[in-house]
């Protein structure tokens, strides 16, 4: 059995709609019962409150899946963000540490993912630029976009090849600035003061598993949907 959490929206919902070779079980906010000891648990769910996020990852670990695939964020690598009070980033750091230090999980994969594109996505920076909405990030901010489909195919390869336990830093093969996005979409969006910078990471480990896409490939796939 493969269990996917967070199927109410976003990446979790998209992954739950795809095909797998094993029985699929979805976990939403309304789910009362979750089977123990699945073959794979893909943990996409998140809580807005830090304490609830901690409780959630501990609950997932107690299910004792044979493999736990945790959706984390590439932003845990940013020292600037590690020093702020971001509940989201701090909760991801805790979840990673908790998973790395438990003896209950035989196999794990921590996916530190950059900016995502796909159906059910919230109004992110690209969406706002396309629709000429004001931005909070600065014009020199950088993003590295991935499509949901890339994450789905990566997960399939991890499961099918019984890939080793590890942490994967996952971005596109390139980055793009807000300035370039505004120019490319001929957008009238105004920019803010917050400079967001996508961490630059070594993609050798990722490229040994799957062909790494470009930002443009992710954007084109998103626009076609």
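So the values come out like this:
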{"quantity": "Condition check for residue 78: more than 22 Å from residue 210 (Cβ to Cβ) and surrounded by 14 or more Cβ atoms within 10 Å (Cβ to Cβ)", "calculated": "yes"}
{"quantity": "Residue match in the range 118-130 (condition: surrounded by 14 or more Cβ atoms within 10 Å (Cβ to Cβ) and either under 22 Å from residue 21 (Cα atoms) or within 12 Å of the chain's Cα centre (by Cα) (or both))", "calculated": "yes"}
{"quantity": "Pick from the range 48-63, criterion touching a helix residue (DSSP H, G or I) at 6+ places or on another chain (Cβ under 8 Å) and closer than 29 Å to residue 164 by Cβ, ranking: surrounded by the most Cβ atoms within 10 Å (Cβ to Cβ)", "calculated": "57"}
{"quantity": "Output for the range 204-219, where each listed residue is surrounded by 13 or more Cβ atoms within 10 Å (Cβ to Cβ) and farther than 12 Å from residue 154 by Cβ", "calculated": "214, 215, 216, 217, 218, 219"}
{"quantity": "Within the range 160-225, helices (runs of 4 or more DSSP H) holding 1 or more residues that are closer than 23 Å to residue 20 by Cβ", "calculated": "204-207, 215-224"}
{"quantity": "Matching residues, the range 37-66, being more than 17 Å from the chain's Cα centre (by Cα) and assigned to a loop (DSSP other than H, G, I, E, B)", "calculated": "37, 38, 39, 49, 63, 64, 65, 66"}
{"quantity": "Only one of 68, 82, 116, 77 that is touching a strand residue (DSSP E or B) at 6+ places or on another chain (Cβ under 9 Å), on the phi < 0 side of the Ramachandran plot and modelled with pLDDT under 90", "calculated": "77"}
{"quantity": "Filter result for residue 141 (closer than 23 Å to residue 184 by Cα, surrounded by 18 or more Cβ atoms within 10 Å (Cβ to Cβ) and touching a residue at least 40 places away in the same chain (Cβ under 8 Å))", "calculated": "yes"}
{"quantity": "The one condition in (1) outside any helix (DSSP H, G or I); (2) modelled with pLDDT under 95; (3) within 17 Å of the chain's Cα centre (by Cα); (4) surrounded by 12 or more Cβ atoms within 10 Å (Cβ to Cβ) that residue 34 fails to fulfil", "calculated": "(3)"}
{"quantity": "Any hit, the range 16-26, residues being part of a loop (DSSP other than H, G, I, E, B), closer than 28 Å to residue 87 by Cβ and more than 18 Å from the chain's Cα centre (by Cα)", "calculated": "no"}
{"quantity": "Single match in 103, 113 (criterion: without any contact (Cβ under 8 Å) to a residue 60 or more places away in the chain, surrounded by 15 or more Cβ atoms within 10 Å (Cβ to Cβ) and either touching a helix residue (DSSP H, G or I) at 6+ places or on another chain (Cβ under 6 Å) or under 28 Å from residue 205 (Cα atoms) (or both))", "calculated": "113"}
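The values are calculated or read from the model by the stated rules, or taken from the named source; none is laboratory data. Worth saying up front: this structure is predicted, and the values here are computed from it rather than measured. Cβ sites come from the backbone with ideal geometry, for glycine too, and all protein chains shown count toward neighbours.
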